[in-house]
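Working notes, structure below.
The values are calculated or read from the model by the stated rules, or taken from the named source; none is laboratory data. Worth saying up front: this structure is predicted, and the values here are computed from it rather than measured. Positions of Cβ are generated from backbone atoms using ideal geometry, with glycine treated the same way; all protein chains shown enter the neighbour counts.
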Amino acid sequence: MRAALVHAAGDDKLDIRDDVTLTPLGPTDVRVRIKATGVCHSDLSAMSGVLPQPMPLVPGHEGAGEVVEVGDHVTSVQPGDHVIVNWRPSCQQCDLCLGGQPYLCMKYVVESFSTARLRFDGDKQAFGMAGCGTWAEETVLPWQGAIKIDPDIPYEVAALIGCGITTGVGAAINTARIKPGSTVAVIGCGGVGLSVIQGARISGARVILAVDPLESKHAPAKKVGATHAVTPDQLMEAIGELTGGSGFDYGFEVVGKAATIQTAWQVTRQGGTVVVVGAGAMDDMVQISAFSLLFEGKKLLSSLYGEADVRHDFPYFAKLWKSGQLDLESMISARIKLTDLNEAVAALRGGEVARQIVIMD
């Protein structure tokens, strides 16, 4: 089959090849034919090494497709089912899973670093990003990584739900639990940032400020729900105009940089909530004074994968789309082919795109 491969962290170019194969299916595995997959900034971070991944690697973790084959012990799906790829599958047995935090389960994260499910150039091993590798025509997942959805959900919509929507809307709804009538600032207006904006709108926020240095991203942000949009150098003026200088009730950081986390902290009012959504580097340290942490009364939260229980949240977000409350069409910058992925990665580095979706032939 065809797949896009990166041989070493830091490689600028993907090796798009047609000799990739999958390892045999295990008794608890599911083989999925990928129909659509997103080009997410986390894929770029995996290629660059900011997000550590085993190499060689087939990137891609935001995907949807059709079940082709299931292992003997799999009962959750069957061939022909439409599924969304869950890049953070949970064992559903550990204390975290049973305690309501399946998005923190590490079982399959650990396994993804030691289990190479792909082969190329004869019998050379390759890994799938986060155990997924959706930049390939097919992938093998643990059964918990394939979540069944209604067949009337378009694959490109389902793919977006698989990461960007769940991460961003989930941050607003599950993590921050935005109260109606609140004021919200969202720093970073890529695909996930646009999803946070939509989550804030759905939650009933009265003011939603989109912050991005690229003015080209301001109109898309307003289209999906932002009430105002500014560049970082206009931010202090906006705080004065929109909050009377007190700061926002909620500040979301959707970039993954220490500097923007500190900005989110600064724009959030005393007693407000700061939510870190962006995936940053391990050596990028955030400095906030111990005095401020206590006396400003702000809550500093992380939101991994929108704190989602995907068994519930994937179908829930699909219903929001069906009812017209989630605008996913506006988030798609381009529909491309697998062979266009090098150009798509270059466009992502340039920062001008929200979500590019690979539609498999």
Pairs, please: C-beta under 6 Å, at least 6 apart or cross-chain, first residue over 13 Å from GLU62 (Cβ atoms) and in the stretch 111-137, second aromatic (Phe, Trp, Tyr)?
ALA116/PHE127; ALA126/PHE120; GLY131/TYR108
So is THR139 in contact with a His (Cβ under 8 Å, 6 or more places away or on another chain) and either buried (at least 24 other Cβ atoms within 10 Å of the Cβ) or among the aromatic types (Phe, Trp, Tyr) (or both) or not?
no
Which listed residue is in contact with a strand residue (DSSP E or B) (Cβ under 7 Å, 6 or more places away or on another chain), closer than 17 Å to HIS312 by Cβ and surrounded by 24 or more Cβ atoms within 10 Å (Cβ to Cβ), from ILE161, ILE197, ILE178:
ILE161
Please determine, by comparing only the residues of the stretch 10-44 that are surrounded by 20 or more Cβ atoms within 10 Å (Cβ to Cβ) and either part of a helix (DSSP H, G or I) or hydroxyl-bearing (Ser, Thr, Tyr) (or both), which one is modelled with the highest pLDDT.
THR37
How about the stretch 141-153: which of its residues are in contact with a helix residue (DSSP H, G or I) (Cβ under 9 Å, 6 or more places away or on another chain) and either farther than 17 Å from GLN53 by Cβ or without any contact (Cβ under 8 Å) to a residue 60 or more places away in the chain (or both)?
PRO142, GLN144, ILE147, LYS148, ILE149, ASP150, ASP152, ILE153
Select from the stretch 263-277 the residues that are over 20 Å from SER195 (Cβ atoms) and in contact with a strand residue (DSSP E or B) (Cβ under 9 Å, 6 or more places away or on another chain) and write down the one among them that is surrounded by the fewest Cβ atoms within 10 Å (Cβ to Cβ).
GLY271
Just to be sure, is ASP123 at pLDDT 95 or above and surrounded by fewer than 17 Cβ atoms within 10 Å (Cβ to Cβ)?
no
Residue under question is LEU341, and the condition is that it be under 16 Å from the mean Cα position of the chain (by Cα) and either part of a helix (DSSP H, G or I) or modelled with pLDDT of 95 or more (or both); does it hold?
no
State the number of residues belonging to the stretch 278-296 that are assigned to a loop (DSSP other than H, G, I, E, B) and surrounded by 12 or more Cβ atoms within 10 Å (Cβ to Cβ).
8
Please specify each residue of the stretch 326-337 satisfying the condition of being crowded, with 22+ Cβ neighbours inside 10 Å and not in a loop (DSSP other than H, G, I, E, B).
MET331
How many residues are among the β-branched types (Val, Ile, Thr), over 10 Å from THR134 (Cβ atoms) and outside any loop (DSSP other than H, G, I, E, B) if we restrict to the stretch 45-67?
1
